[in-house]
Amino acid sequence: MDYSFQWNWVGLQNYAQMLSDPIAGKVFNNTLLYVFSTLTFFNVGAALVISLITVHIPERVGQGYRALWLLPRITPSTVYALLWLWAVRQDPTALFNWILGFFGMEPVNWLHKHPWPIVILVNGFVGASFGMIIFTAALKSIPADYIRAARVDGASTFQIIRHIELPLIKWPLMFVTAYQTLSLLTSYEYILLVTNGGPGYYTTEVWALYSYHLAFAQYGGIVKFGYGAALATVLVILGLVLSIVYWRVFRLKELMIEPKIEV
């Protein structure tokens, strides 16, 4: 189907085309890099670190720091993207190059020289706030008696985190990991606004963005609704498979069983 909306049944032709599409392979690898890196360093990693730090410092300071991390999420997408484009431009007065100037380094065109770190940072600063909220709520729900007892036994803050807090927030960790993986698979908004899949030959193009470009953003070229829809369907199937894998690996069903009270 194209822009004329005339139905032309082609069977599995669109799916067969993916196997011979060189761009699809590159885009798939980009998607794996994007999801794994953003998930590890920000959506779970940074979110957990921020939560652990802010619950172990004075409450007012912790609240203020968490509020700062919420700003990217509540900022309109276009404004947020424009701020990043301002920060990483090649001009010596841009934020990143201004920092480099203190060390006597030359200005860098970050979007052309280091597009992937910028893409991961742009998405990560937004994604970390979701996990931060979940982890902070879970940590604050741990009974204070557990922490006091550990302090009395001489446990350090690191030992409390390792042996008490992390084991007790196992379920929120699993939930955020699974949810954010599926969310990142379909995420392309900020990549579209900051790099639009570039620079160059599909350098930062991810699967969801590739599907969007084929179906809606050819700008006078051939619109491929059918192929774009097939790509999106593969993404849905991949999400279902990952959901089942997480369900079995994390044994979520066992965690959801209601505890039995014996009298």
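Quick note: the coordinates plus some simple rules give every number you see, no bench work behind them. These figures come from a predicted structure and were not determined experimentally. Backbone-built Cβ (ideal geometry, glycine too); neighbour counts: all protein chains shown.
Placing +1 on each Lys and Arg Cβ and -1 on each Asp and Glu Cβ, with no other charges, gives the chain a dipole about its Cα centre of roughly 360 debye. Only lysine pairs 8 or more places apart, or on different chains, with alpha-carbon atoms under 21 angstrom apart are counted in region 13-255, and they number 4.
In order along region 59-68, the Karplus-derived 3J(HN,Hα) couplings, from 6.51 cos²θ - 1.76 cosθ + 1.60 at θ = phi - 60°, round to 4, 5, 5, x, 4, x, 5, 5, 5, 4 Hz, and Gly and Pro are given as x. Seen from a random direction on average, the alpha-carbon convex hull of region 1-111 projects onto 12.7 square nanometres. The alpha-carbon atoms of region 13-255 define a convex hull whose volume equals 160 cubic angstrom per residue. Between VAL245 and TYR146, full extension at 0.36 nm per residue minus the direct alpha carbon distance yields a gain of 32.3 nm. Here the Karplus curve 6.51 cos²θ - 1.76 cosθ + 1.60, taken at θ = phi - 60°, turns the phi angles of region 85-101 into couplings of 4, 5, 6, 10, 5, 6, 4, x, 8, 5, 4, 5, 6, 5, 5, 4, x Hz, with x standing for Gly and Pro. Residues of region 122-157 falling in the label zone of GLU59, defined by backbone nitrogen less than 15 Å from a point 7 Å along Cα to beta-carbon, are 137, 139-145. A simple rule links phi to the HN-Hα coupling: the Karplus curve 6.51 cos²θ - 1.76 cosθ + 1.60 with θ = phi - 60°, which for region 166-183 gives 4, x, 7, 10, 4, 4, x, 4, 5, 4, 5, 4, 5, 5, 6, 4, 5, 5 Hz, with x for Gly and Pro. The modelled label-to-label distance for the pair PHE225/TRP98, using points 7 Å beyond Cα in the direction of Cβ, is 4.8 nm. Here the contact order of the chain, divided by its residue count and restricted to Cα pairs under 8 Å and six or more residues apart, works out to 26 percent. Positive-end ranking of PRO58, VAL27, TRP7 along the dipole of the chain, with charges on Cβ about the Cα centre, is headed by PRO58.
Angle of helix 225-249 to the longest C-alpha principal axis of the chain, folded into 0 to 90 degrees and rounded to 10: 20°.
Between VAL236 and THR203, the contour length at 0.36 nm per residue exceeds the Cα-Cα span by 9.6 nm. Once each part is reduced to its C-alpha centroid, what is the distance from region 74-133 to region 169-200 in angstrom? Using only Cα atoms, the two centres lie 17 Å from each other.
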